[in-house]
Amino acid sequence: MNKTSFPEALSRCVKIDQWIFEVKSVRAIRVNEFGQPYSATANITLNGDSAYIDGLLTKEGEDFNREDYQAFVKLTQQLELKSFNFDRFKKQRRVSHTVKVAPIEPLAPELKLVKA
């Protein structure tokens with residue numbers, strides 16, 4: 001998968017026969033290719049229009065960085081959530097964060113100049 005694999009909103013409900021399956025939990029792994037060893041993992045629980053990121057673990061020496069954070073923002077945008085929460089430890093104290101999620105902006109049409 002590349003960065004543009006899911007440019008639109010992801011459905012949280014799937015109907016199969018007489019069943020509706022609602023996605024309520026996501027397991028995230030940081031890896032370039034599925035099946036390879038991963039360097040970080042997190043669990044995401046969805047509740048209404050918000051999410052809670054829990055169990056964020058990284059390999060020793062592998063920090064959770066700005067690019068990782070942006071990936072979580074993009075996922076929550078694609079799930080059309082309004083916010084997500086997570087806890088971080090700073091100086092051996094747990095600090096809770098709430099992030100408001102901006103909706104995905106529609107792609108602007110590509111403009112091309114032509115001679116008249």
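Wholly within the range 1-104, which strands (runs of 3 or more DSSP E) include no fewer than the required count, namely at least 2 residues that are touching a His at 6+ places or on another chain (Cβ under 9 Å) and open to solvent by less than 70 Å² (accessible area, probe 1.4 Å)?
Output list reads 83-90.
Take Glu62 and decide whether it is acidic (Asp, Glu), on the phi > 0 side of the Ramachandran plot and in contact (Cβ under 8 Å) with a residue 12 or more places away in the chain. When the stated conditions are applied, Glu62 does not pass them.
The values are calculated or read from the model by the stated rules, or taken from the named source; none is laboratory data. A quick note: this is a predicted structure, and the numbers were derived from the prediction, not measured. Note that we place each Cβ from the backbone using ideal geometry, even for glycine, and neighbour counts take in every protein chain shown. The area values use the complete protein model at the heavy-atom level, side chains included, leaving out ligands, DNA and RNA. Shrake-Rupley method; radii C 1.70, N 1.55, O 1.52, S 1.80 Å.
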